[in-house]
1. At R0 = 35 Å, how high is the FRET efficiency between GLU166 and LEU314 if r is their beta carbon distance? Nearest 0.05 is fine.
2. Using unit Cβ charges (K, R positive; D, E negative) and no other charged atoms, how large, in debye to the nearest 20, is the dipole of segment 146-217 about its Cα centre?
3. How far is it, in nm, from the label point at GLU143 to the one at ARG75 when both lie 7 Å from their Cα along the line to the Cβ?
4. Among GLN280, GLY360, ALA386, whose Cα lies farthest out toward the positive end of the dipole of segment 280-397, if unit charges sit on the beta carbon of Lys, Arg (+1) and Asp, Glu (-1)?
5. Which value, in debye to the nearest 20, gives the size of the charge dipole of segment 89-271 about its Cα centre, when Lys and Arg are +1 and Asp and Glu are -1 at the Cβ?
6. Hey, quick one: spin label on GLN325, modelled 7 Å out along Cα-Cβ, who in segment 1-45 has an amide N within reach, i.e. under 12 Å?
7. Name the residues of segment 171-204 whose amide N is less than 17 Å from a point 7 angstrom out from the Cα of GLU113 along the C-beta direction?
8. In Å, what is the Rg of the alpha-carbon atoms in segment 280-397, and how long is Dmax?
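Just so you know, all these numbers are worked out from the coordinates, no wet-lab data involved. Owing to the predicted nature of the structure, the values given are computational and were not obtained by experimental measurement. Ideal geometry is used to build each Cβ from the backbone, glycine not excepted, and the neighbour counts take in all protein chains shown.
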Amino acid sequence: MACDALANEFGTPLYVYSATEMRARLALFQKAFSFCPSTVCYAVKANSSLAVLRLLGKAGAGFDIVSGGELERVRRAHLPALRRIVFSGVGKQVWEIDAALDANILLFNVESEAEIDLLASRAKHLAVQARFALRVNPDVFAETHPYISTGLRQHKFGVEIGRARELYRRAARHTHLRAAGVSVHIGSQIQSVAPFAAALERVVDLARDLRADGHDIRYLDAGGGLGINYTATLEIGKASNAQQPSPAQQVTEYAAALAPALEQIDIHLLLEPGRFLVAQAGALLTRILNVKQNGGKTFVVTDAGMNDLIRPALYKAHHEVVPVQRSRKSQALVADVVGPVCESGDFFAQDRMLPELSSGDLIAVLDAGAYGMSQASNYNSRPRPAEVLVEAAESHLIRRRETMRDLLATERLP
Ligand SMILES: *Cc1c(COP(=O)(O)O)cnc(C)c1O
């Protein structure tokens with residue numbers, strides 16, 4: 001179904017996803033890493049809608065979760081995938097650890113000394129064995145937005161790689177813990193593969209040392225973070241697009257960068273891509289409420305706001321904005337595309353060349369499949385958008401639009 005028909009049927013703002021594209025992206029990873037035993041554990045936080053999880057789970061994905069809520073989502077979406085879960089995060093609570101132990105997940109990515117002890121005590125309490133990997137911080141700099149860079153010594157994530165052997169040694173004293181892997185994740189939206197290779201090299205060295213120390217290390221978790229190109233427009237022949245590698249080339253290059261380190265060791269590789277699998281499979285459809293002039297500037301005001309898609313406000317992220325119905329040939333105005341939320345940070349594009357647009361027109365904010373709906377909020381008491389999953393000629397409403405009743409459901413007047 002065409003986007004305008006979807007917007008008419010389900011209303012706006014509306015997230016629209018392509019099932020085919022998500023499956024194809026997962027397959028790119030599965031194929032590129034077929035040279036070693038590997039499992040792609042999709043990072044749930046990128047887009048945690050049940051239908052997305054089910055589609056990826058059925059296609060063989062495992063999952064990287066960061067909360068008990070995400071665990072519950074995987075349980076509801078695709079039960080067999082519970083055994084392919086890795087649980088990351090710097091602040092796991094007791095109930096979350098217990099739920100994950102009860103689900104017999106594949107691996108806990110432990111991020112501190114204190115968490116080792118907590119995991120050990122919960123595993124003992126439940127009389128089970130907990131498989132864990134220490135998330136190490138390789139002190140590798142990856143060029144990306146500071147909010148999503150995670151692999152430097154001064155970041156809150158993981159433990160310094162130099163302390164890892166000592167921590168594994170300490171953990172070995174706990175009879176309910178099994179050191180099963182080593183894990184790393186250096187950040188998100190990383191464009192160059194060099195930092196991934198550098199980080200993995202350090203982690204492979206550590207894994208070999210740990211094996212020499214007597215630990216049964218079977219898994220190496222290389223994390224996620226492969227970036228996408230948010231400036232690729234649909235226009236052919238733009239100079240800036242000529243050098244852009246295709247997604248398939250990007251994954252091939254990524255695998256080639258990790259291969260030399262992996263050839264040094266016989267191990268099961270875990271990968272945690274989030275954004276790369278879903279971002280470019282989704283768009284946010286929004287209708288123009290009005291076009292206004294202020295201080296010599298033109299503002300295109302849409303019915304979607306920063307509560308629906310916060311990436312531009314939070315990370316100064318770039319998203320292409322295109323009209324749905326009209327030809328994109330006539331670049332008629334330079335405008336800011338803004339939402340109705342009471343914040344000057346509520347924009348999707350600034351000083352952008354756009355075709356003539358008027359109230360009632362439908363536009364699409366592209367590459368919004370990752371960190372879009374999963375970061376949506378009710379700020380300004382706005383109901384969150386609906387989501388549609390398109391599969392060939394069929395479209396399925398996978399989340400209905402929130403109602404006023406949903407908005408007020410948890411509140412009580414004293
Ligand atoms: C966020 C996150 C990911 C996914 O990152 P992307 O940039 O979406 O690929 C993977 N692993 C961990 C531990 C994360 O926190």
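1. For GLU166 and LEU314, the calculated efficiency is 0.40.
2. 260 debye
3. 4.4 nm
4. The listed residue farthest towards the positive side: GLY360.
5. For segment 89-271, the charge dipole is close to 380 debye.
6. Backbone N within reach: 4-5, 8.
7. Counting backbone N atoms under 17 Å from the label point, the list is 171-174.
8. Expressed in Å, the Cα Rg and Dmax of segment 280-397 come to 14.0, 46.
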